[in-house]
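Each remark here refers to the structure printed beneath this line.
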Amino acid sequence: MITRIYHITKFLDHSSYIFFNGCNWDCDFCIMKKYKFDIHLPESQISNFNLKFLSVEDVVNILKENKIIEVFLGGGEPTIDPALIELLERLKFHNIKINILTNGELLNDKIVDLVDRIAFSIKTLDNDAHEKIVHRSNAKSLENLNKFFNEKFTFETVYLNELGCKNVLNIAKFIEKFKVGVTLRVDPLIPVNDKFSIPDINEIDNCIEMVSKATSVKAFRIKGKGKNAKVLYP
């Protein structure tokens, strides 16, 4: 079965990031609007890449040939891919650890059961703001969070100056109700247009510190630049 997977990279720890094309949301700040391929790669390396989708068999073979032990499914939104369940079942068969980054709107029991970790993305809890910047309601996503939450869930958000630290704090207070000490990754906005301003890293760090003091949530951001990504496909 053909997937929506068009790009696969590998890191030194034998983990792999798998890129899915397309999304059921339309975030104004989505990094995929500007960077379709791994941002850890030099522009000279990706300038000749084309989008060509792989079959489930192709993906599994690439991972096995490169001794991949863990995958991160993202991109795009993996859950819009009709071949996702087949892929998850094959990965599980080969004992490959599965992490999925999702907005949660299309989550179902089968996906939750097959994966090892779910990084659930919450942009904002304010539905009016959500519809303005994502062009879609967050109602179904939050409904699924309440329905499916278990120990596999972690959370992530994007820090937007326009929503400020209050937005991150509100998210932290909300997810704390699901589990004390749950993790929240706060990603700095990477500008893809002029709709949003570039956040100050110090402000983000101060916000993370505030969240840590005000809640039990383990908030953090990835520090330093990613490196050592090796292209497995294309």
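The values are calculated or read from the model by the stated rules, or taken from the named source; none is laboratory data. On a predicted model such as this, the values are computed, not experimentally measured, just so you know. Virtual Cβ from ideal backbone geometry, glycine too; neighbours counted across all protein chains shown. We work out accessible area using only protein heavy atoms, side chains counted, and drop any ligands, DNA or RNA first. Shrake-Rupley method; radii C 1.70, N 1.55, O 1.52, S 1.80 Å.
Data table
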| quantity | calculated |
| --- | --- |
| Per residue accessible area of the chain, 1.4 Å probe, in Å² | 50 |
| Spread of Cα-to-Cα distances over 5 Å intervals beginning at zero, given as percent, for the chain | 1, 6, 14, 18, 19, 18, 13, 8, 3, 0 |
| Cysteines having no other Cys beta carbon under 4.7 Å from their own, within the chain | C23 |
| Residue-averaged 222 nm ellipticity for the chain, from DSSP H runs of 4+ at -39500 (n - 2.57), nearest 500 | -9000 deg cm²/dmol |
| Distance violations [Cα-Cα > 30 Å] among K34/K166; K10/K92; K34/K123; K34/K110; K10/K132 | K34/K110; K10/K132 |
| Rg and Dmax [Cα atoms of the stretch 125-170; Å; Rg one decimal, Dmax integer] | 11.9, 32 |
| The stretch 110-198: trypsin sites (Lys or Arg not before Pro) falling in loop per DSSP and having at most 14 other Cβ within 10 Å | K177, K195 |
| Net charge contributed by nearby residues that have their C-beta within less than 9 Å of I222 (K/R +1, D/E -1) | +2 |
| Positive dipole terminus of the stretch 1-159, leading residue within I122, T79, L54 (C-beta point charges) | L54 |
| Cross-link reach list, aspartates and glutamates versus K230, counting only Cα pairs under 18 Å and skipping chain neighbours closer than eight places | D13, D38, E43, D58, E65, E70 |
| Fraction of beta bridges assigned by DSSP in the chain that are antiparallel (%, nearest 5) | 25 |
| Net charge dipole size for the stretch 10-166 [Lys, Arg +1 and Asp, Glu -1 on Cβ; Debye, nearest 20] | 180 |
| Volume in Å³ per residue [convex hull over Cα atoms, computed for the stretch 1-85] | 103 |
| Local electrostatic count at N193 - Lys and Arg +1, Asp and Glu -1, tallied over other residues with Cβ under 14 Å | -1 |
| The stretch 62-76 and the stretch 78-124: distance between their alpha carbon centers, rounded to Å | 13 |
| Accessible surface of the chain, 1.4 Å probe, proportion on carbon and sulfur as whole % | 51 |
| Those trypsin sites (Lys or Arg not before Pro) in the stretch 1-100 that DSSP places in a loop and that have at most 14 other beta carbons within 10 Å | K34, K52, K67 |
| Convex hull per residue volume in Å³, alpha carbons only, for the stretch 156-234 | 129 |
